[in-house]
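First the structure, in the form of structure tokens, and then the observations on it.
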Amino acid sequence: MKDFISYPALDAFTNCINATSLKMQDKPLLFSQALHTGQDPKIITQNRKAFLDTLEIGKDFKIVLANQTHSDHIAIIDTYENRGWEELESAIPDTDALITNKKEILLGILSADCLPILLFDPKKEVIAAIHAGWAGTHKRIAPKTVLKMAEHFGSNPKDIIAQFAPCIAPCCYEVGEEFQEQFKEYKEALIEHHDTCYLDIPLVNNLQLQEVGLLKENIHQSGICTACENERFFSYRKEGGCSGRMLTFIGMKS
Ligand SMILES: [Zn+2]
């Protein structure tokens, strides 16, 4: 079995690199990829390099990570340099979506329940990586990223492939009353069961992406719940807060 997940909808394009790291019981710090949660940065950096090595993409790729803040801030990456890879300080500040049309740059999202979304426009050769928790979803970060791709690179939303990485699914994502108001336009994503409300974050993002023109058949779910499959995935909710994070990448070969 591979030590990471990759996605058939993106693998169909031979120049598209895509992967999500796993939680691994036999690795230091369970193979966490997060520098921002207070764990030993030396071990995290080793884990990151080990993950990159398993992708077998050579040494030329630069890696860009953001200091994610549940915002709707989007950055266009046009310089070929590592950001936030070997040290936290150089991460793109206060940003939750990254876009580039440059080859050999990996855009990455760290997560443990939140929804990472990868976008790929094979026609204009533009990629994006998005961090969508409930707050980012409420701020419509995914559709805003699509609009930015259209505005800046001329992407047609009909050409864009969206791939969702594992996140907490409605089976496990219990939410408070206030979410009824916040997500009232997406009633089908609020599931009531025995007086408890559950929110379907992937469904809200799916609908939002369709609202800006993505085709339903181009939006691909992971079908994995991080809380249900907590052995293989970090789940902040299931673990009652955790330091571990998976890393989800997208990039293009030259
Ligand atoms: Zn679940």
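The values are calculated or read from the model by the stated rules, or taken from the named source; none is laboratory data. Computed from a prediction, not measured in an experiment: that's the story for all the values here. Don't worry about glycine lacking a Cβ; one is built from the backbone with ideal geometry, like all the others, and counts go over all protein chains shown.
Odds and ends about this structure:
- Only one entry in Asp195, Asp200 is more than 16 Å from the ligand (Cβ to nearest atom) and either of a type in the set (Asp, Glu) or in contact with a strand residue (DSSP E or B) (Cβ under 9 Å, 6 or more places away or on another chain) (or both), namely Asp195.
- Test: residue in segment 175-190 that is surrounded by fewer than 16 Cβ atoms within 10 Å (Cβ to Cβ), at pLDDT below 95 and either polar (S, T, N, Q) or in a strand (DSSP E or B) (or both): yes
- Contact map, segment 220-247: first residue more than 15 Å from Thr20 (Cβ to Cβ), second residue part of a loop (DSSP other than H, G, I, E, B) and away from the ligand (no atom under 16 Å from the Cβ), Cβ cut-off under 7 Å, separation 6 or more or different chains; pairs are Ser243/Ser32; Ser243/Ala34; Ser243/Thr37; Ser243/Gly38; Ser243/Gln39.
So that you can scan it fast, the table gives a plain yes or no per residue for (1) among the small types (Gly, Ala, Ser); (2) under 18 Å from Ile5 (Cα atoms); (3) modelled with pLDDT under 95:
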| site | (1), (2), (3) |
| --- | --- |
| Ile105 | no, no, no |
| Gly108 | yes, yes, no |
| Ala112 | yes, yes, no |
| Pro116 | no, yes, no |
| Pro122 | no, no, no |
| Gly136 | yes, no, no |
| Phe153 | no, no, no |
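- Being within 16 Å of the ligand (Cβ to nearest atom), polar (S, T, N, Q) and surrounded by 19 or more Cβ atoms within 10 Å (Cβ to Cβ) holds for only one residue in Ser155, Ser111, and it is Ser111.
- Among the residues of segment 79-125, those that are assigned to a loop (DSSP other than H, G, I, E, B) and either free of Cβ contacts under 8 Å to residues at least 24 places away in the same chain or farther than 22 Å from Ile44 by Cβ (or both) comprise Thr79, Tyr80, Glu81, Asn82, Asn101, Lys102, Lys103, Glu104, Pro122, Lys123, Lys124, Glu125.
- If you go through segment 208-236 and pick out every residue that is under 17 Å from the mean Cα position of the chain (by Cα) and either among the basic types (Lys, Arg) or within 16 Å of the ligand (Cβ to nearest atom) (or both), you end up with 12.
- Here the condition is being touching a helix residue (DSSP H, G or I) at 6+ places or on another chain (Cβ under 9 Å) and under 19 Å from Ala132 (Cα atoms); of Asn82, Asn47, Asn67, it holds for Asn67 alone.
- Top-ranked residue in segment 121-143 [being in contact with a Phe, Trp or Tyr (Cβ under 8 Å, 6 or more places away or on another chain) and surrounded by fewer than 24 Cβ atoms within 10 Å (Cβ to Cβ); ranked as nearest to Pro170 (Cα to Cα)]: Trp134
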